[in-house]
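Engineer: Below are the structure tokens for one structure; questions will follow.
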Number of protein chains: 2
Amino acid sequence: MSLSSLDIDLYESEDPIWNPAMMAIPVPGIRKMVNMAASMEDVIHLSIGQPDLPAPENVVNATIEALRAGQTGYTMDAGLPELLESLAVYYSSRSQRKLTADNIMITTGATEAIYLALTAVSAPGRHFIVPDPAFMLYAPMIRMNGGEITEITTRAEKNHQLDPQEVIDAIQPNTHAIVLNSPSNPTGTVYPKETLEAILQEAAYRGIQVISDEVYDHLIYDGKEYPSALSCSTDLDNLMVVSSFSKTYSMAGMRIGWIIASQGAIKRLRRYHMFTTTVANTPCQWAGVAALHGSNDFIQNMLVEYTKRRDRLVELVEQTPHLTGYKPEGAFYLFPALPEGVNGTNVALRLLKETGVCTIPGETFGNSCSNAIRLSYSTSLGNIERAFERIIPWMEKQDFG
Amino acid sequence: MSLSSLDIDLYESEDPIWNPAMMAIPVPGIRKMVNMAASMEDVIHLSIGQPDLPAPENVVNATIEALRAGQTGYTMDAGLPELLESLAVYYSSRSQRKLTADNIMITTGATEAIYLALTAVSAPGRHFIVPDPAFMLYAPMIRMNGGEITEITTRAEKNHQLDPQEVIDAIQPNTHAIVLNSPSNPTGTVYPKETLEAILQEAAYRGIQVISDEVYDHLIYDGKEYPSALSCSTDLDNLMVVSSFSKTYSMAGMRIGWIIASQGAIKRLRRYHMFTTTVANTPCQWAGVAALHGSNDFIQNMLVEYTKRRDRLVELVEQTPHLTGYKPEGAFYLFPALPEGVNGTNVALRLLKETGVCTIPGETFGNSCSNAIRLSYSTSLGNIERAFERIIPWMEKQDFG
């Protein structure tokens, strides 16, 4: 793959201090937009990657109780035993399979879990399969350790669904892992059970790891049941599932995530985790225990609110010239396409400068989607309405022919 | 260097799932001892690596206030601006040099900061200089990314002081960085200003990075002033300093550390940090702001308490047959030597099994110190006394000839 597509800052890549592997880390497109927006007035953000609701009261109270009880020292390396046990019970029930505390490790958010999983399996000469577009961390993490990637393109016209046969056809003799992310950031697409089963079955047969990032697993609309890779796989030898409390309970700043895998994989990852962060935050692990034992009202109310926003956003995108939308079934993103050949980064930059609406350029999420922009509806209905009062007239004036 | 010295678990190293670089991660000696101790009754721990005092009240209260104020979302990638500013003011005053928020990044404890610094500069063909014994994370982090290490041995007979000329003589044309840790874990040794100045001056002249781990920088006894690498270096181009709140304010489980470096280095490390953990814990960053703005009484009282423990431990080690001690000037560790050729791991295991006193085998901290054990005095004076009531008679019975 060509590094030029990653928008490398040449000055830094030539600095002899740094490990050349650091060149695989691109300049983050989100950061550039948000920094520019920070210098402007009257910006409406459709760029937000965390929930805009406050964390539930029982979660906040549990953290406070833990602090008052002196829970400010290290936990065990795998995590707080009470949280590991609670997660084991919760996932055993949800995925209808037996999981124990030894199948789980608590991390500093899902990011550390993904970092550990991908960098622990990537190495020179190894091949990985990643959807495109995808969360912008996967590909650089793999490339940092020398792995090579085949990107499986998805399209707005097909609701950004992943074709499992395309994934299977891309498997090579040196394929080590397949990365899945459902619901997807940036597309909001939820993969059906059939897609997961087909990929997981083939991966198990070929001895390939599936690394499934399920951080949006509770943001599923229209009353659908969520197909987790955990429910679609017969065993755990070829599967690592990552999730966190960040999106489900508005706890992004508490940085509590986890990885679920075979006991052997967890044993190995625990050692690596000691080197990256030692352990996760102790009082906020108690917050997680409270979240799992609390009522589901917070999630239900959140879904009602996000469904309204999604439905309105889908309508507004339909009414917008030059944008091809679809109805996402999960997360809080929509990833509409501009006409083929249009530079989405230019459109996002001009939208911000000329209308004050901040979106994220599609190329942040992969090589196939430079004509797209990511819209987040983790903001009020009022903001979504006001944003499109600016976007629609602006788009009407554009001639992308 | 030979991997066999790292006590690799052969089953795991042969598992084809994992990146071969993971072989550089040893089985942690501390974990083995603590796990064995967990299955026993009436164990006295001289193995503890975090303060045994509760966190200060103002720190706990600030975290609670932040939680109540809804501070549960992400901060900026470099950290909470209020904490960055507070650290810049604090360090500018303490080190008598101008530092800005752009010279600092907040991390998930010092561990993440050290991980980022070392793995961002280590690469195949690069050479590093590390004291031996040293904190057990440095060498594997360097080796994971292909770097090679020269270990500079220190000795109990010389208070484990580092000879700066030995460090300078070990510099090779491909030397990329020198790792320093003062006060040292496991020795408690504080390097004098002259040692730091000699090494930093030579490193700057040769374009070599110095990575200075200063997490015990407030645990300095006998009223001495702490020589930080920040005060001993003329510029920041060749220096990265790591510290945290964990040891100074009993906040280990809150996982807030930082790295101080040139603005260019921080810019590069911020991108990498996005990939490992995204950002640090938000409510506990507010705890850090309170810690820096609070009174010094907590630290002063802690020093009074730890000084008593250290002085008593030094006396008890002097009274113990077969142990060569010294008077450590910082941290909360003493790293006495057994006679040359005695296997410290066997001694630590037998001490635990036969007396119920848990210490850490010296080989955990490097290749030169297999005849040592680490004693932590982060435990009550009563526990220290009781431990030696068991250790001294046991040692009297040993014949290591």
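The numbers here are math on the coordinates, done by the rules we state, and not lab data. All values reported here derive from a predicted model rather than from experimental measurement. Counting neighbours? That spans all protein chains shown, and the Cβs are built from the backbone with ideal geometry, glycine included.
Engineer: If you restrict to DSSP beta bridges whose two residues both lie in the protein assembly as shown, what percentage is antiparallel, to the nearest 5?
Structural biologist: 45
Engineer: Using every Cα-Cα pair within the protein assembly as shown, state what percent have a distance larger than 42 Å.
Structural biologist: I get 30 percent for the Cα pairs in the protein assembly as shown exceeding 42 Å.
Engineer: Among A:T175, B:T278, rank each residue by its count of other Cβ atoms within 10 Å, from fewest to most, as a rough exposure measure.
Structural biologist: Going from sparsest to densest Cβ surroundings: A:T175, B:T278.
Engineer: For chain B, compute Rh as the Kirkwood radius over C-alpha pairs and then the Stokes-Einstein diffusion coefficient at 20 °C and 1.002 mPa s; write the answer in µm²/s, rounded to an integer.
Structural biologist: 98
Engineer: Using the Cα gyration tensor of the range A:57-293, with a ≥ b ≥ c the square roots of its eigenvalues, what is the shape: rounded (a/c below 1.5), prolate (a/b larger than b/c) or oblate (neither)?
Structural biologist: Prolate.
Engineer: Would you please give the residues with an amide H less than 5 Å from that of A:Y377, counting only those at least 5 places away or on a separate chain, with H modeled from the backbone geometry?
Structural biologist: Sorted by chain and number, the residues that satisfy this are A:Y333, A:L334.
Engineer: Using +1 on the beta carbon of Lys and Arg, -1 on that of Asp and Glu, and nothing else charged, what's the dipole of chain A about the Cα centre, debye to 20?
Structural biologist: Using Cβ point charges on Lys, Arg, Asp and Glu, chain A gives about 600 debye.
Engineer: Out of all DSSP beta bridges in the range B:57-293, what portion is antiparallel? Express it as a percent rounded to 5.
Structural biologist: 35
Engineer: Moving to a separate point now. Within 10 Å of each Cβ in A:252-259, how many Cβ atoms from other chains are there, averaged over the peptide?
Structural biologist: Partner Cβ neighbours, averaged per residue: 6.
Engineer: Now a separate question. Taking a cut-off of 19 Å between Cα atoms, list the lysines near A:K267, but don't count ones fewer than 8 places away on the same chain.
Structural biologist: Reachable lysines: A:K98, B:K32.
Engineer: Per residue of A:49-59, how many C-beta atoms from partner chains lie within 10 Å of its own C-beta, taken as a mean?
Structural biologist: Mean shielding by partner chains, rounded to a whole number: 2.
Engineer: Sequence gap at least 6, Cα distance under 8 Å: using those rules, report the relative contact order of the range A:57-293 to the nearest whole percent.
Structural biologist: Averaging sequence separation for qualifying contacts and normalising by length gives 30 percent for the range A:57-293.
Engineer: Among the listed pairs B:K247/B:K308; B:K193/B:K327; A:K353/A:K397, give every one whose C-alpha distance is greater than 21 Å.
Structural biologist: none
Engineer: When only Cα pairs under 8 Å and 6 or more residues apart are kept, what is the percent relative contact order across the range A:218-364?
Structural biologist: 18
Engineer: Tell me, what HN-Hα J-couplings in whole Hz come from the Karplus equation 6.51 cos²θ - 1.76 cosθ + 1.60 at θ = phi - 60° for each residue of the range B:213-229, using x for Gly and Pro?
Structural biologist: Result, ordered by residue: 8, 10, 5, 9, 5, 9, 9, 10, 9, 6, x, 6, 7, 7, x, 8, 4 Hz.
Engineer: Show the residues, 5+ positions off or on another chain, whose built amide H is closer than 5 Å to the amide H of A:L180.
Structural biologist: For A:L180, whose amide H was placed from the backbone, the distant partners under 5 Å are A:I211, A:S212, A:D213.
Engineer: How big is the dipole moment of the protein assembly as shown about its Cα centre under a simple scheme where the beta carbon of each Lys and Arg is +1, that of each Asp and Glu is -1, and everything else is neutral? Debye, nearest 20, please.
Structural biologist: 460
Engineer: Going by C-beta contacts inside 10 Å, put A:V279, A:V34 in order with the fewest on the left.
Structural biologist: Fewest to most other Cβ atoms nearby, the residues stand as A:V34, A:V279.
Engineer: Enumerate the amide H contacts of A:F135 below 5 Å, restricted to partners 5 or more residues apart or on another chain; note that Pro and chain-start residues carry no placed amide H.
Structural biologist: When sequence neighbours closer than 5 places are left aside, the close amide H contacts are A:N185.
Engineer: So what J values fall out for the range B:239-255 if you push phi through Karplus, 6.51 cos²θ - 1.76 cosθ + 1.60 with θ = phi - 60°, rounded to Hz, Gly and Pro as x?
Structural biologist: Per residue, the Karplus-derived 3J(HN,Hα) values read 9, 10, 10, 10, 8, 6, 8, 4, 8, 6, 10, 6, 10, 4, x, 8, 6 Hz.
Engineer: For peptide B:65-75, compute the average count of partner chain beta-carbon atoms within 10 Å of each residue's beta-carbon.
Structural biologist: 6
Engineer: Report the gain in length on full extension from B:Q300 to B:E389: 0.36 nm times residue separation, minus Cα-Cα distance, nm rounded to one decimal.
Structural biologist: Working it through step by step, the gained length comes to 29.1 nm.
Engineer: Which residue, B:A88, B:T187, B:A24, has the largest displacement toward the positive end of the dipole of the protein assembly as shown when charges sit on each Cβ (Lys, Arg +1; Asp, Glu -1)?
Structural biologist: Result: B:A88.
Engineer: Counting only helical runs of four or more DSSP H residues, what would the 222 nm mean residue ellipticity of chain A come to if each run contributes -39,500 (n - 2.57) and the total is spread over all its residues?
Structural biologist: Value at 222 nm, helices only, nearest 500: -12500 deg cm²/dmol.
Engineer: How big, in percent, is the set of alpha carbon pairs in the range A:181-239 lying more than 16 Å apart?
Structural biologist: 40
Engineer: Over chain B, what is the mean sequence separation of C-alpha contacts under 8 Å (at least six apart), divided by residue count, expressed as relative contact order in percent?
Structural biologist: Contact order relative to length: 24 percent.
Engineer: Rounded to the nearest 5, what % of DSSP beta bridges with both residues in chain B are antiparallel?
Structural biologist: Of those bridges, close to 45 percent are antiparallel.
Engineer: Listed highest first by mean packing, meaning other Cβ atoms within 10 Å per residue, what order do A:264-275, A:355-366, B:224-235 come in?
Structural biologist: Highest mean packing first, the order is A:355-366, A:264-275, B:224-235.
Engineer: Something else now. Determine, for A:W258, A:W286, A:W394, A:W18, the number of other Cβ atoms within 10 Å of each Cβ, and report the residues in order from fewest to most.
Structural biologist: A:W394, A:W18, A:W286, A:W258
Engineer: For the range B:290-307, just list the computed ³J(HN,Hα) in residue order, Karplus coefficients 6.51, -1.76 and 1.60, θ = phi - 60°, integers in Hz, with x standing in for Gly and Pro.
Structural biologist: 5, 4, 5, 9, x, 7, 8, 4, 4, 5, 4, 5, 4, 5, 4, 5, 5, 5
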